[in-house]
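*Asks:* Let me begin by handing over the structure; questions about it come next.
Derivation of every value follows stated rules applied to the coordinates shown; laboratory data play no part. Everything numeric here is computed off the predicted structure, so don't read it as measured data. Virtual Cβ from ideal backbone geometry, glycine too; neighbours counted across all protein chains shown.
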Amino acid sequence: MSRLWSFLTATRGRDRLHWTDWVSYGYLIFGVLLMFGPVVWLVLSSFKSPNELDRFPPRFLPYAQETLEIEGFDSPLLAFIVTEGELTGEVVGQTRRAAGRAEVVLPADPETRIRIPADTLAPIEDVAFATENYTSLFERFNFLQFFWNSTFITVMATALMLLVNSMAAFVLSKYEFRGRTAVLLLVIGTLMIPQTVVLVPLFLIVTEMGMFNSLWGVIIPGAATPTGVFLLRQYMITIPDEILDAARMDKASEWKIFWRIIVPLSAPAIAVLAILAIMWRWNDFLWPLIVLTRTENFTLQLALNSFQGELQTDWPSLLAMTVLTLLPIACVFMFLQKYIATGIASTGGK
Amino acid sequence: MKKTILTSTALAAGLAVSAGAASAQEIRFMCYSDGNECAVYDDLLTRFEEQNEGVDVVVDEVPYQAIVENLPVQLAAGTGPDIAKITDTGGLNEYYLDLAPHVDTGYWDEAFGETLNWYRVGDRDGYYGMHSQLTITGPFVNATLFEQAGVEMPGAGATWEDWAAAATKVAEATDADFPMAIDRSGHRVAGPAVSYGAKLVEDGTGTFEGFGPFAEAFVGWNEDGTMARDVWASQGGATYADAAQEFINGEVVFYYSGSWQVGRMDEQVGDFFDWKVVGSPCGPAGPCSGMPGGAGIVGFEQTEHPEIVAKVIDFLAQEDIYAEAAARTRNLPAHLGVAQTGVEFEGATPAAQAALTAFAADLPNVAPEAFAYQGYSGNRAMYGITVERLSQAIVGELSVEEALARMNDDLEAAMSEAQ
Amino acid sequence: MLRIITPVMRVIEIPMLALQRLLGINRLAWVFLAPNLILFGLFAFLPVILNIFYATTGSDNVLLSDRPYVGARNFVTLTDCGNYLDANSCREDKFWRAVWNTLWFVTLQVGFMVGFALLTALILNRDIRARGFFRSVFFFPVLLSPVVVALIWKWILQREGVLNAFLDWTGVGGVNWLVQADWAFGWSVFISVWAHMGFYTLILLAGLQAIPRDVYEAAIMDRASAWRTFRRITLPLLAPTMLVVLVLALIKGVQTFDEIYAFTGGGPGTATTFIIQYIYEEGFAGAPRLFGLAAAASLLVAGVLVVLTLIQLWVNRRNVNG
């Protein structure tokens, strides 16, 4: 038991790898497969043709059937290899297939049409990335406009939320004043209400305020997130009061204490919140869907979902768009996660 | 604090800009696509814009979800678009703009006939919607599997029982996994239910009277493996699910879906096997009914430019434009003139053309109940109830009797609220 | 980034300093709170107050002015049950199925999630190689939108999905995961943990790293056992962070909706229908829109959550004080 706990709680490694290190790495590598594998699958799928997507059993890499350019035929013919009969091993191009019989031609002799049973033909396939899934997106609509809208909403909402939430968290963690408990309960109360259940009243309020079909209609309501206040407040509690007292002795204003001391010391929590806020706004779908109806205001998520019709979904485009939408946020995360590390390092030394 | 002041100024500026744009006679068309519809309309409407100087019709392509869930709320709040492509033809009636004062009603009656009624409710019986794509449900059959199994395909007038028996035989003889599959949708089972004696609409109100026999048969088929249980059982709520993927992979012998699947079958089945469309099977109650459906284009009363809105819709309703749209989007026409002339569907293979023709030929077999159901304003509620409760019976949460009782209760509750 | 932020902060300091002189430090607290409270008031509380009006009115009209007052009818409809343990005996059977499903789901999901998040955080807190990389990996699924999460797993788990193809290949044979209620429920818990665990891991990791090293060094000097160190040092010092994690996980667990809705649609039957889905379908997606019923249900849920959270906070306070 104590062994196990030493493995779980150790913070400094030894010179050579202990067995607990092996277990740790094993766990982490399993984690990588489990957390990353599905995403890799998504990315590979986004390069598949519709036929390949519907195929069972599914294949890891995208394939496409090869075609043959044969003289006398306007369009390329699908290439097959014959598995049985006289032509075994020959590569043929198929001209027609009906009721279990196929009509094929040999590339060398395009004049003679040969009829053979269809099940003696095996398709010749090759790995082929359907990049047209991506290129068609840019032809189809104004990708940059949607990208800009998404970015604008995300950046503004995140900045607004971080500022407002950390201000509130500061006083809720470091001030003693009447009504503090009430406000705290209020914040927690707000946590109970997911946006999904107040969509209609919220829509009416936002419309009443003239923010329908305005990017601000997505930005401002999104900034009122109790999770942030709660998260930051719990983190700020752990900052020792002595630091604040020392600063007050030096006649620093409360605002200066807030942004010169509290904010830098809360950097890890703020970084976590920043990532969350960015992610929420970037991935937001239900709310923008009801507030924004004009193409020029659309976010990437809305454009992505417009591939879903009543009866049909354009999967290749939808998947390609999903991957494109995922890229920026993954980059932002790579960038911000360093801040979490440095932030943690600087407070850890205290 | 500063921040909020800044934002509200920016807000005011934004409003001013949009108000300025609106005065240039901008018409907003909220559209959704099952294929290329919005792109085609956008293209056709550029011609309209050329003919009508100063009018700008903007096609906003939104997810279908926005049309079903958000549009009604936006309309209630007075923030809807000018024109929209919708499927809930009866349900949105209260918001429609009557086109009658602006269009040639004689032409509209002649061109769209009965489908105009789908947009009318009670005494609001004007000219509201142009049915832009007509659909009809019906079966796709894997002919190659029948051939491999050496089973004779049931002919015209065959019943659901006949098809179930034949498909089961085929599935046993071949390596197909399922004899039959029906899309998970209340709309899809409506045709068969009518064939089994369901009334669905009586004197203008919805009812599940007579739904029992079909429910019984359908749940039974799901239990004994005749139906692909996955389709209905692997989802919850009123979620839509189709079995097209299974059919394309040659795993389903008989797949009951509808005319909109033709394009997908054509592209994806390719040479893999032969498929064909047959008419909807008959039921014990007599009819051999499919269920009509589709989408239409309507204008809304809250628009600032009713005349232009009517003009836009009327433009799309003209025979040549309508025919071109139908051909390019590969949809069955609801325009009787266009239907009579026949449509040469763009880029369709002979198989697809034959399938669409077969669907069109099945239209006269649609029972009056099914036709009325499509125009009934409470049909969306009924579709949802059907799917939810039948699914519960299929997975065994409810018995068929309980499910039917719940369906009646749900419908009653829904109607009392909708008054 | 600092180059933009610093001048903005300087500008804000001027009025803030004036306010501080005018109001004194304690009343300044309200100035700090004001922007947040205004936003909460407008976009969180006002909707809830409107929801109370919706809950007490009937019909499918969106605008409150068109809705007739019906008193407590919606609440009565929701709570009209022969036996609360048997959803079939209730008038609104779907609501009660959703309630019981949610209860089970939250119990399992919060337990597994907090457990695995803590385990992962402890391992990531060790002095391992490529820590930044591993940390990113575990956080990565959090970045995916719920719809994408559902899409990926649906493909993996459907009858003809990747997992079944793999099981067929190994000879074990596939299982129709999404058609069997228990499996679908289990996978819903798994997916939800998969998608959100990274968030809680990160919070716990931040908490772990904030524990000063010298505390541990003292423990090592005292030759305290590792288990003792964990219980006596790590856990108590982690308590505020743990509270955040538990409160958030519980609340978000009860509010689970998007990814499961996109994953199973609540099926098979109603096996994975949770409360928020019930509210969403009744009040928004379904036809006709029963806003009243949905609003009443949302108020009941919020009420239960408030009570649960208060109990959690109270237990926590007692533990800290005792």
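*Asks:* Determine which residues of the range C:147-184 fall in the zone a paramagnetic label at B:E267 would reach in this model, i.e. backbone nitrogen under 17 Å from the point 7 Å along Cα→Cβ.
*Replies:* none
*Asks:* Per-residue Cβ counts within 10 Å, from other chains only, averaged over A:31-37: what number is that?
*Replies:* That works out to 6 on average.
*Asks:* Among A:K174/A:K256; B:K85/B:K199; A:K338/C:K252; A:K48/B:K276; A:K48/C:K154, which pairs are too far apart, with a Cα-Cα distance over 21 Å?
*Replies:* In this structure, B:K85/B:K199; A:K338/C:K252; A:K48/B:K276 lie more than 21 Å apart at Cα.
*Asks:* Among B:283-294, C:125-136, A:221-232, how do they line up by average Cβ neighbours within 10 Å per residue, starting with the highest?
*Replies:* On the way: B:283-294: 22.7, C:125-136: 16.0, A:221-232: 25.3.
The most tightly packed comes first, giving A:221-232, B:283-294, C:125-136.
*Asks:* Does the range A:134-348 come out rounded, prolate or oblate, given a ≥ b ≥ c as the square roots of the eigenvalues of its C-alpha gyration tensor, rounded meaning a/c under 1.5 and, failing that, prolate meaning a/b above b/c?
*Replies:* Details: a/c = 2.80, a/b = 1.79, b/c = 1.57.
Prolate shape, in that a/c is at least 1.5 and a/b is the bigger ratio.
*Asks:* Same structure again: For the range B:278-419, just say rounded, prolate or oblate: build the C-alpha gyration tensor, square-root its eigenvalues into a ≥ b ≥ c, call rounded for a/c under 1.5, and beyond that prolate if a/b exceeds b/c, oblate if not. Write down the numbers at each step before the final one.
*Replies:* On the way: a/c = 2.73, a/b = 1.40, b/c = 1.95.
It comes out oblate by the Cα gyration axes.
*Asks:* Evaluate peptide C:118-125: per residue, the Cβ atoms of other protein chains within 10 Å of its Cβ; return the mean as an integer. Numbers along the way, then the final one.
*Replies:* Numbers: counts 1, 2, 3, 1, 7, 11, 4, 5.
For this peptide, the per-residue mean of nearby foreign Cβ atoms is 4.
*Asks:* So if I place +1 on the C-beta of Lys and Arg and -1 on the C-beta of Asp and Glu, and nothing else carries charge, what would the dipole magnitude of the range A:63-127 be about its Cα centre? I want it in debye, nearest 20.
*Replies:* Values: 5 positive and 13 negative charges, 71 e Å.
I would put it at about 340 debye.
*Asks:* What is the dipole size for chain A, taken about its Cα centre, with +1 at each Lys and Arg Cβ and -1 at each Asp and Glu Cβ, in debye to the nearest 20? Mind showing how you got there, number by number?
*Replies:* Working: 25 positive and 30 negative charges, 482 e Å.
Computed charge dipole of chain A: roughly 2320 debye.
*Asks:* Which residue, chosen from A:A182, B:G113, B:A326, occupies the Cα position most advanced towards the positive end of the dipole of the protein assembly as shown, where the dipole is computed from +1 (Lys, Arg) and -1 (Asp, Glu) charges on Cβ about the Cα centre?
*Replies:* A:A182
*Asks:* Using a cut-off of 13 Å between beta-carbons, work out the net charge of the residues near B:A243 (Lys and Arg +1, Asp and Glu -1, B:A243 not included).
*Replies:* On the way: positive: B:R184, B:R188, B:R229, B:R264, C:R159; negative: A:D54, B:D177, B:D183, B:D230, B:D242, B:E246, B:E251, C:E160.
Once all neighbours under 13 Å are counted, the net charge is -3.
*Asks:* Near C:A121, within a Cβ-to-Cβ distance under 13 Å, what is the net charge of the other residues, with Lys and Arg +1 and Asp and Glu -1? Don't skip to the end; give the middle numbers.
*Replies:* Working: positive: C:R126, C:R131, C:R135; negative: none.
With Lys, Arg at +1 and Asp, Glu at -1, the neighbours total +3.
*Asks:* Using the basic label-point model (7 angstrom from Cα toward the beta carbon), what is the A:A122 to A:T181 distance in nanometres?
*Replies:* 7.8 nm
*Asks:* Which one of B:A413, B:G90, B:G220 is farthest out on the positive end of the charge dipole of chain B, using unit charges on Cβ (Lys, Arg +1; Asp, Glu -1) and the Cα centre as origin?
*Replies:* B:A413
*Asks:* Here is a further query. If R0 is 22 Å, what FRET efficiency do you get for C:V306 and C:L235 from their C-beta distance, rounded to 0.05?
*Replies:* Values: r = 27 Å, r/R0 = 1.23.
Efficiency, rounded to the nearest 0.05: 0.20.
*Asks:* So what is the calculated 222 nm ellipticity per residue for the protein assembly as shown, using -39500 (n - 2.57) for each DSSP H run with n of 4 or more, over all residues, to the nearest 500 deg cm²/dmol? Please report the intermediate quantities before stating the final value.
*Replies:* Working: 47 runs with 618 residues, N = 1091.
Only helices count here, giving -18000 deg cm²/dmol.
*Asks:* So which trypsin sites (Lys or Arg not before Pro) in the range A:126-216 are both in a DSSP loop and have at most 16 other Cβ atoms within 10 Å of their Cβ? Don't skip to the end; give the middle numbers.
*Replies:* Values: sites: A:R140, A:K174, A:R178, A:R180; in loops: A:R178.
Sites meeting the loop and neighbour criteria: A:R178.
*Asks:* On to the next question. Calculate, axis by axis, the spread of Cα positions in the protein assembly as shown along the three principal axes, and write the results as whole Å, longest axis first.
*Replies:* Computed over the protein assembly as shown, the largest-to-smallest principal extents equal 93, 72, 63 Å.
*Asks:* Rounded, prolate or oblate: which fits the range A:63-127 when a ≥ b ≥ c are the square roots of the eigenvalues of the alpha-carbon gyration tensor, with rounded for a/c under 1.5 and prolate only if a/b beats b/c?
*Replies:* Details: a/c = 1.41, a/b = 1.06, b/c = 1.34.
Here the range A:63-127 falls in the rounded category.
*Asks:* Moving to a separate point now. Within the range A:276-305, list the residues whose amide N lies under 13 Å from a label point set 7 Å along Cα→Cβ of A:V155.
*Replies:* Of the residues in the range A:276-305, none has backbone N under 13 Å from the label point off A:V155.
*Asks:* Another question, then. Over the protein assembly as shown, what is the percentage of antiparallel beta bridges among all DSSP beta bridges, to the nearest 5?
*Replies:* Details: 51 of 66 bridges.
Expressed as a percentage, antiparallel bridges in the protein assembly as shown total about 75.
*Asks:* Could you put A:M236, A:M321, A:M209, A:M334 in order, starting from the residue whose Cβ has the fewest other Cβ atoms within 10 Å? Don't jump to the answer; show the numbers that get you there.
*Replies:* Values: A:M236 21, A:M321 26, A:M209 17, A:M334 11.
Going from least to most buried by this count: A:M334, A:M209, A:M236, A:M321.
*Asks:* Magnitude of the Cβ-charge dipole of chain B, K/R +1 and D/E -1, about the Cα centre, nearest 20 debye?
*Replies:* 620 debye
*Asks:* To the nearest 0.05, how large is the calculated FRET efficiency for C:A72 and A:R115 if R₀ is 51 Å and r is the Cβ-Cβ distance?
*Replies:* Values: r = 77 Å, r/R0 = 1.51.
It comes to 0.10.
*Asks:* Could I ask something else about it? Let me know the mean shielding of B:383-395 by other chains, meaning the per-residue number of their Cβ atoms within 10 Å of its Cβ.
*Replies:* On the way: counts 1, 5, 2, 0, 1, 8, 2, 0, 6, 8, 1, 4, 9.
For peptide B:383-395, the averaged partner shielding equals 4.
*Asks:* Shifting gears a bit: Mind giving me the FRET efficiency for B:T46 and A:W41? R0 is 51 Å, r the Cβ-Cβ distance, nearest 0.05 is fine.
*Replies:* Working: r = 41 Å, r/R0 = 0.80.
It comes to 0.80.
*Asks:* Tell me which of B:V338, C:T256, B:Y240 sits at the most positive position along the dipole axis of the protein assembly as shown, charges placed on C-beta atoms (Lys, Arg +1; Asp, Glu -1).
*Replies:* C:T256
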